[in-house]
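The values are calculated or read from the model by the stated rules, or taken from the named source; none is laboratory data. Since this is a predicted model, take the numbers as computed values, not measurements. All Cβ positions, glycine included, derive from the backbone under ideal geometry; neighbour counts span all protein chains shown.
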Amino acid sequence: MDITYKTRSLYNDELLLLKRIKTENENRPVKRIKVRHLIIAGLVGGGSAYLASIFPDGFWMLLFGVTAVISFGYIVFMPYEFYKIRRNESEMLRNINAIIESGTVDVCFVNSGRIALAEEYEDEVDLYIVELSPDNVLYLWDYYYNLETEFPCRQFEIYRGDFSAIFEKEIYPLSDHFEPTIIDKEAKWKYMNNEAVPGHLQIDNISFDELIDKIKAFSK
């Protein structure tokens with residue numbers, strides 16, 4: 001089961017934040033690779049290749065050979081990396097302008113019941129389990145590490161991916177914060193190693209209590 005999005009008008013604070021992000025992007029210095037760096041890399045690479053040819057084998061051939069490869073790799077790949085950075089920044093700016101011009105955003109409204117939190121154990125980030133109905137739960141991974149400042153709450157909106165990537169936030173709270181049910185993080189880790197790892201924003205047809213009990217069973 002997938003969540004469904006609806007279009008609504010931007011709130012004033014969202015519009016102000018978008019304009020601030022736009023201004024920051026427009027005023028950010030353009031990242032360009034410096035020609036002198038390419039020249040230096042070429043000289044280092046050429047010199048290292050020559051020195052590697054002098055030593056037919058052994059440590060020095062390996063050292064100079066690796067240095068030559070790294071230097072020539074810098075010349076080949078770094079211009080493309082800078083191009084990708086500029087392309088991504090331009091695409092983000094276009095998306096921001098499109099959202100501001102439309103004045104709308106796609107969100108999924110959630111009126112939740114209970115919410116459980118299983119904190120990060122290794123490197124999988126915090127997991128929130130949201131009760132949507134008596135027989136459905138929603139999995140919400142805190143990829144931006146900022147949900148704890150405003151979540152959980154009973155009523156909230158989930159931004160569609162393109163918008164949340166700009167804001168670096170997934171949730172817009174519509175009600176007061178409350179304390180979640182805490183799940184042992186190691187039990188969550190063991191549960192995921194024995195069951196399929198739930199996807200971000202995945203909805204499962206299972207009761208909240210049944211799922212929590214299944215996870216807690218791994219804490220024994």
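Among the residues of the stretch 1-18, write down those that are aromatic (Phe, Trp, Tyr) and in contact with a Cys (Cβ under 7 Å, 6 or more places away or on another chain). Across the stretch 1-18, the qualifying residue is only 5.
Look at the stretch 61-90: where a residue is touching a residue at least 40 places away in the same chain (Cβ under 8 Å), no partner that is among the polar types (S, T, N, Q) sits 6+ places away or on another chain with Cβ atoms under 6 Å.
Every test in (1) exposed (fewer than 13 other Cβ atoms within 10 Å of the Cβ); (2) among the small types (Gly, Ala, Ser); (3) touching an Asp or Glu at 6+ places or on another chain (Cβ under 8 Å) is passed by residue 112 save one, and that test is (1). Residues that are modelled with pLDDT of 80 or more, surrounded by 11 or more Cβ atoms within 10 Å (Cβ to Cβ) and more than 25 Å from the chain's Cα centre (by Cα) within the stretch 12-41 comprise 39, 40, listed in sequence order.
Only one entry in 81, 89, 101 is at pLDDT 90 or above, within 30 Å of residue 20 (Cα to Cα) and part of a helix (DSSP H, G or I), namely 101.
Listed by first and then second residue, the pairs with beta-carbon distance under 6 Å, at least 6 apart or on different chains, first residue in the stretch 182-204 and under 12 Å from residue 116 (Cβ atoms) and at pLDDT below 90, second surrounded by fewer than 16 Cβ atoms within 10 Å (Cβ to Cβ) and small (Gly, Ala, Ser), are 184/219; 187/219. Here 20, 8, 32 are screened, and the one residue that is of a type in the set (Lys, Arg), at negative phi and part of a helix (DSSP H, G or I) is 20. Take residue 69 and decide whether it is more than 30 Å from residue 23 (Cβ to Cβ) and either assigned by TED's automatic domain parsing to the domain that holds residue 46 or not in a helix (DSSP H, G or I) (or both). So residue 69 passes the test.
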